[in-house]
Amino acid sequence: MPGFFQGLAKAAVEGYQNAKEQQALAQREALAKQQGGYASAASQERLEWQQPQQDYRQQQTCSLPPPPPRPQRQQSQQQYQQQEVHSLPTLPPRQQSQQQQHQNVTSHPAPPAKTTSSPSPGCNGLDLIQGSQIYITFVAPDLDICPSCYQTSIAPSPFSTSFTPIIDPNPGHKTCDMAIKGVRHAWKEACARASTDATNAEIWLQRFASQSQTIMSHVTALLATITSLKEQIQLATLQAQFTQASAMNQTSHGFSMSCINSIGGGNYYDGGSVISAAGNNRFSEATRMKMDVSVKEYELGRGLAEFRALVGCGVDGRADWS
């Protein structure tokens, strides 16, 4: 009996397991079918969505017009420009003539102005002329012009042929006379008169020569006076200093002798007072010398001011080209 029950139990267990396996197999088959259905539906929807997009793109591609050729666009631009040109309003004949005259005037620039009185940037001023070439004129042989001032002031003038270049036999010892302000002003006046009265150009050149010689003589005299005053001031200053120092020594010596004599009871000759009096006199002389120096310095200042106004130089003695 036990073996019989065991066989029944074993058969029941095997049947239950087979049923479970069949049920699981059926579930797997159903799940596979369901997933296959979902995939086919999704693929079908994807195909249905892509088809209108492709149709729309094909329609857009087919509906676009072909691009126009390049020569036609250039031709249209040229036609548009020609239309703009033809559409501009035309000027009346009077305005057209005025515009043409204005164009003719502006197309021909005005000639440069003649700088007959302008200083030369290459001139060495009141210093010595650099180089051995100078320009002279027969109407004023004492005038010496440097090449730079000739090119700037004389070459554009009506008197350019009156000046001749020469080689200075003693170079490095002359200054350019055109650096003097008075000479430049006289030259400017002569050129202005000759430009309006060409028939008497020679007369104006002679007048310039006379004025320049007068100016040069005055400049030479001023230089001599200024040089002499400077020497006198230096000498008078030294003399005044020496006299003042001697007066101080005499006064001090006389005071010392007076003190010694007072200590000795006054039995000796009082020479200290005499020496002190001599020292006081020398003090007065030194004061007078200083006053003379002040007067000479004032005269020197006036001479320098006149020289600067005539020559045209600054306080340092350099030409200012004013």
- Hey, rough spin-label estimate for residue 27 and residue 225, points 7 angstrom out along Cα→Cβ, what's it come to in nanometres? 14.1 nm
- For region 133-215, size of Cβ-based charge dipole, Lys and Arg +1, Asp and Glu -1, in debye: 220 debye
- For region 133-215, just say rounded, prolate or oblate: build the C-alpha gyration tensor, square-root its eigenvalues into a ≥ b ≥ c, call rounded for a/c under 1.5, and beyond that prolate if a/b exceeds b/c, oblate if not. prolate
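Values in this text are rule-based calculations from the coordinates and carry no lab data. Nothing here was measured: the structure is a model prediction, and the numbers come from that model. Quick reminder, even Gly has a Cβ in these numbers, built from the backbone with ideal geometry, and neighbours come from all protein chains shown.
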